[in-house]
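What follows is one structure encoded as structure tokens, with my remarks underneath.
What follows is calculated from the coordinates using simple rules that are stated; it is not laboratory data. Everything quoted here is computed from the prediction, not taken from an experiment. Note that we place each Cβ from the backbone using ideal geometry, even for glycine, and neighbour counts take in every protein chain shown.
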Amino acid sequence: MSKPVGPILGAMLVGLSVLAPPAARAADPGRTVLTFLKIGVDARASALGDAYVAVADDAGATYWNPAGLLGIESHDVMGMHHEWIQDLRHEFAAFGMHRGRHAGGLSFLGLYTEDIQRRDDTGAEAGFFGYSDVAVSGSYAFQVTGDLGLGGTVRYMRQSIDDETLSGLGFDVGGTWRTPVEGVTAGATLRHLGSRLSYDFDGAGSFDLPSTLQAGLAYRRPNLAGGGLLLAADMLAASGDDASLRFGAEYTLRRQFSMGAGYKAGLDNEDVSFGVGYFNKIRVNYAFTPVYNDLGNSHRVSVGYSW
């Protein structure tokens, strides 16, 4: 029997919108695609409650804020594996480099699962099919002044649901500013901008990208009681949603070990997060986020290296 393509697509789009945090959903979840773009990357960022737009200064800035690539000393590479809810796997890998007043980076982002039950026209079980989201990005940043950096990202995105696909281009713009207040940096980024996208079969209609504005402040005090303190606070507004707030704090001991915690205000399925890390030239971070409403818990591990 032929499979009902329309119902499959509708159920998947609505289901993924429900699983995503509210800040990742548009007011009409059936008309927004690629909501996986809103799921934050990097275990350190997750531990800080995703209050990271003014903090990102490694290859992960290709996602958070392309201007943050200017914080790389020379070269940086990182990868993340994320065991998300409902058996979804979330992967990220990025490379960044900095030369003089210029910086650039490349990144890969993916979300996938293989065990979605297919049903035929009568509702009977008819095997399984897969789902995947993929995005490949290129970023560039420029140091405008000693305190101000600007950057942009171009991203190719593709979503596959069984045999049906959707693809297109999107872009981000961002900036960082070292404020006159000692230790305080400001950051802002507009992410996931672009035109409406359509599936490659008739009758599906067109869908919006989950465009997002994130802006925040970070305060660093490198010498405090034998360690270092980082505080961060962000505001995030997604198309069709109320704004939410994110807060994070991290304490670094002996410039090698870190402990972080974060809080997200205004989300239905998660609020607190915790993490630990080790860093030198090699960085290893782990973050744990409880997810409510019987959706499971989120575990992220990320590894990075700079040279």
Hits in segment 215-231 (condition: crowded, with 18+ Cβ neighbours inside 10 Å and over 20 Å from A47 (Cβ atoms)): A215
Residue pairs meeting the criteria (Cβ under 6 Å; at least 6 apart or on separate chains; first without any contact (Cβ under 8 Å) to a residue 40 or more places away in the chain and part of a strand (DSSP E or B), in segment 275-302; second of a type in the set (S, T, Y) and exposed (fewer than 14 other Cβ atoms within 10 Å of the Cβ)): V284/Y278
Hits in segment 198-214 (condition: buried (at least 20 other Cβ atoms within 10 Å of the Cβ) and of a type in the set (A, V, I, L, M)): L209
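Yes or no, residue by residue, for (1) under 17 Å from the mean Cα position of the chain (by Cα); (2) surrounded by 20 or more Cβ atoms within 10 Å (Cβ to Cβ); (3) in contact (Cβ under 8 Å) with a residue 24 or more places away in the chain:
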| site | (1), (2), (3) |
| --- | --- |
| A261 | no, no, yes |
| A265 | no, no, no |
| N269 | yes, no, yes |
| S273 | yes, yes, yes |
| G304 | yes, yes, yes |
Some residue of segment 196-205 being among the aromatic types (F, W, Y) and touching a residue at least 60 places away in the same chain (Cβ under 8 Å): yes
Within segment 129-169, considering residues that are acidic (D, E) and part of a strand (DSSP E or B), the one nearest to S198 (Cα to Cα): E164
